[in-house]
1. Just need a number here: residues in region 101-131 that are touching a strand residue (DSSP E or B) at 6+ places or on another chain (Cβ under 8 Å) and either away from the ligand (no atom under 13 Å from the Cβ) or assigned to a helix (DSSP H, G or I) (or both).
2. Look through region 161-173, keep the residues that are part of a loop (DSSP other than H, G, I, E, B) and near the ligand (Cβ under 9 Å from one of its atoms), and return whichever of them is nearest to residue 207 (Cα to Cα).
3. Among the listed residues 209, 247, 191, identify the single one that is within 18 Å of the chain's Cα centre (by Cα) and outside any helix (DSSP H, G or I).
4. Considering only residues of region 216-238 that are assigned to a loop (DSSP other than H, G, I, E, B) and farther than 22 Å from residue 123 by Cα, which is farthest from the ligand (Cβ to nearest atom)?
5. Whether any residue in region 221-240 is at pLDDT 95 or above, out of contact with any helix residue (DSSP H, G or I) (no Cβ under 6 Å at 6 or more places or on another chain) and at positive phi is what I want to check.
6. State whether the residues of region 77-84 include one that is within 19 Å of the chain's Cα centre (by Cα), within 16 Å of the ligand (Cβ to nearest atom) and not in a helix (DSSP H, G or I).
7. Which one is surrounded by the fewest Cβ atoms within 10 Å (Cβ to Cβ) among residues in region 38-50 that are in contact with a helix residue (DSSP H, G or I) (Cβ under 6 Å, 6 or more places away or on another chain) and not in a helix (DSSP H, G or I)?
8. Taking residue 152 and the conditions (1) more than 22 Å from residue 116 (Cα to Cα); (2) touching a strand residue (DSSP E or B) at 6+ places or on another chain (Cβ under 9 Å); (3) more than 16 Å from the ligand (Cβ to nearest atom), which numbered condition does it fall short on, given that it satisfies the others?
Ligand code: 13P
């Protein structure tokens with residue numbers, strides 16, 4: 001079965017509101033003629049509403065980079081799924097390795113956040129992936145199994161169909177050292193096999209699994225040529241509208 005590719009740009013803690021809207025003014029023209037690929041941009045919270053408003057009526061969707069699972073309350077500094085949705089986002093990144101490593105997120109918090117995102121009608125982009133140590137100890141597939149089984153614990157097949165997974169090997173993030181297409185292909189095939197075993201054939205066949213980690217214009221096509229790689233989650237190269245538009249153009253179905 002063919003899955004429609006999705007390319008998401010994770011801006012991390014880059015770009016002010018002014019920079020975000022200036023980016024969009026350039027980027028929307030660069031991708032105006034591009035079809036056959038879904039496009040999502042994930043700015044910092046502060047630029048979410050302005051970017052969503054500027055992208056309204058285009059094919060460009062907007063994502064938050066995190067959320068908190070409670071609906072509202074005394075949670076200083078946190079933002080709820082409903083607030084993100086109301087600001088105009090369609091997607092939300094959950095469990096990015098930077099959140100896991102720097103901010104103490106766990107598979108249990110990933111699970112709660114994913115449940116909250118789905119309940120609010122957001123599409124979660126759930127990130128999983130092994131560290132270099134884990135890969136060198138040959139634990140990659142076991143780590144992915146744990147992250148999927150605990151992060152998606154209790155989900156039904158119809159919920160799996162409403163989310164996106166992103167395989168981001170931690171050693172490939174921001175290092176310029178992308179996984180080889182074969183390494184990505186092996187991990188993605190394994191993830192899909194687990195989805196099949198745990199959530200059924202339809203969830204496995206229809207769910208999109210993105211690859212993230214040093215995706216650039218010159219490697220995106222070979223990564224997406226792998227049968228189980230359905231798109232990309234792009235960090236550094238998404239900060240430049242021309243480079244990101246080039247990645248989008250080279251990802252079309
Ligand atoms: P880079 O593309 O900069 O390696 O970042 C990947 C990433 O973390 C996307 O979420």
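The values are calculated or read from the model by the stated rules, or taken from the named source; none is laboratory data. If you're wondering where the values come from, they're calculated on a predicted model, not measured in any experiment. Using ideal geometry, Cβ is built from the backbone for each residue, glycine included, and neighbour counts are taken over all protein chains shown.
1. The first filter runs over region 101-131 and keeps only residues touching a strand residue (DSSP E or B) at 6+ places or on another chain (Cβ under 8 Å), leaving 110, 113-114, 116-118, 120, 122-129.
Keeping just the survivors that are either away from the ligand (no atom under 13 Å from the Cβ) or assigned to a helix (DSSP H, G or I) (or both) gives 110, 113-114, 116-118, 120, 122-124.
Result for region 101-131: 10.
2. Within region 161-173, the subset part of a loop (DSSP other than H, G, I, E, B) is 161-163, 168-169, 173.
If we keep only those that are near the ligand (Cβ under 9 Å from one of its atoms) too, we end up with 168, 173.
On the way: 168: 16, 173: 23 Å.
Among them, the one singled out is 168.
3. Testing whether each residue is within 18 Å of the chain's Cα centre (by Cα) and outside any helix (DSSP H, G or I) leaves just 209.
4. The first filter runs over region 216-238 and keeps only residues assigned to a loop (DSSP other than H, G, I, E, B), leaving 216-219, 225-230, 235.
After this cut, where a residue has to be farther than 22 Å from residue 123 by Cα as well, the list is 216-219, 225-227.
Values: 216: 8, 217: 12, 218: 13, 219: 10, 225: 18, 226: 17, 227: 22 Å.
Ranking the qualifying residues of region 216-238, first place goes to 227.
5. Scanning region 221-240 turns up at least one residue that is at pLDDT 95 or above, out of contact with any helix residue (DSSP H, G or I) (no Cβ under 6 Å at 6 or more places or on another chain) and at positive phi.
6. Checked region 77-84: no residue is within 19 Å of the chain's Cα centre (by Cα), within 16 Å of the ligand (Cβ to nearest atom) and not in a helix (DSSP H, G or I).
7. Step by step, filter region 38-50, then rank; the result is 39.
8. For residue 152, the failing item is (1).
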